[in-house]
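Below is one structure, written out as structure tokens; comments come after it.
The values are calculated or read from the model by the stated rules, or taken from the named source; none is laboratory data. Source: prediction; values computed, not measured. As a convention, Cβ positions derive from the backbone with ideal geometry for all residues, glycine included, and neighbour counts pool all protein chains shown.
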Amino acid sequence: MGEHQKVEKNKVVKIKYELYDTQTGEKLEESEYAYIHGTGAMLPGLEKALEGLKVGDEKEVELEAKEAYGEYKEELVDRVPLEAFGGQTPQKDTVYYAQTPEGEVLPFTVKDIQGNEVVIDFNHPLAGKNLKFKVKVVEVRDATPEELEHGHVHEDGHGHHHH
Ligand code: ZN
């Protein structure tokens, strides 16, 4: 089932991808990703490039930083006291999560520990990088009504709930 379906709005699309830093050629990631096409769950430039593809199709997509995860912003780098980590010693180059007073959860990366201060960075780890995606479409199917309602993919396509 699904072999002749095209990537279009409200299809569940599963891709295999390799992600490269365009400047250095370094491979940053290799993974699989399933999303509902046309719902804004995917980088817009990548979503547009996948439109109309079929299972088995492959494509290379290059995105500049501003079309991907944004430019790197120095003002998103901050310093906090070590005791903000509640007695734990943070690890360099590790992602932690901060909660705003509004309850929003924000990921950040610990860049450095300098005495009693920790240098933290709220930039997306891929901010400032021009990226190349090598993508292969591995599955296309209709999204279920429940998936459309939730705006995300359920692994088995059925009522399994995971919130
Ligand atoms: Zn759900």
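For the reader, a short list of remarks on this structure follows.
- The set of residues from the range 37-73 being in contact with a strand residue (DSSP E or B) (Cβ under 6 Å, 6 or more places away or on another chain) and of a type in the set (A, V, I, L, M) comprises Ala41, Met42, Leu46, Ala49, Leu53, Val55, Val61, Leu63, Ala68.
Residues are listed down the side, and each one gets a yes or a no for (1) assigned to a strand (DSSP E or B); (2) under 20 Å from Asn123 (Cα atoms); (3) without any contact (Cβ under 8 Å) to a residue 40 or more places away in the chain:
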{"site": "Tyr17", "(1), (2), (3)": "yes, no, no"}
{"site": "Tyr35", "(1), (2), (3)": "yes, no, no"}
{"site": "Ala41", "(1), (2), (3)": "no, yes, no"}
{"site": "Gly56", "(1), (2), (3)": "no, no, no"}
{"site": "Asp78", "(1), (2), (3)": "yes, yes, no"}
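- Some residue of the range 29-41 being more than 16 Å from Glu139 (Cβ to Cβ), touching a His at 6+ places or on another chain (Cβ under 9 Å) and either modelled with pLDDT of 95 or more or assigned by TED's automatic domain parsing to the domain that holds Lys136 (or both): yes
- A Cβ distance below 8 Å, combined with a sequence gap of six or more or placement on separate chains, defines the contacts here; from the range 147-163, residues that are on the phi > 0 side of the Ramachandran plot reach residues that are modelled with pLDDT under 90 and more than 8 Å from the ligand (Cβ to nearest atom) in the pairs Gly151/Ala41.
- So Tyr69, is it in a loop (DSSP other than H, G, I, E, B) and either surrounded by fewer than 12 Cβ atoms within 10 Å (Cβ to Cβ) or in contact (Cβ under 8 Å) with a residue 24 or more places away in the chain (or both): yes
- Entirely in the range 98-149, the strands (runs of 3 or more DSSP E) that have 2 or more residues that are away from the ligand (no atom under 16 Å from the Cβ) and either farther than 30 Å from Lys59 by Cβ or among the small types (Gly, Ala, Ser) (or both): 105-114, 117-121
- Residue in the range 106-123 that is loosely packed, with under 14 Cβ neighbours inside 10 Å and among the aliphatic types (A, V, I, L, M) present: yes
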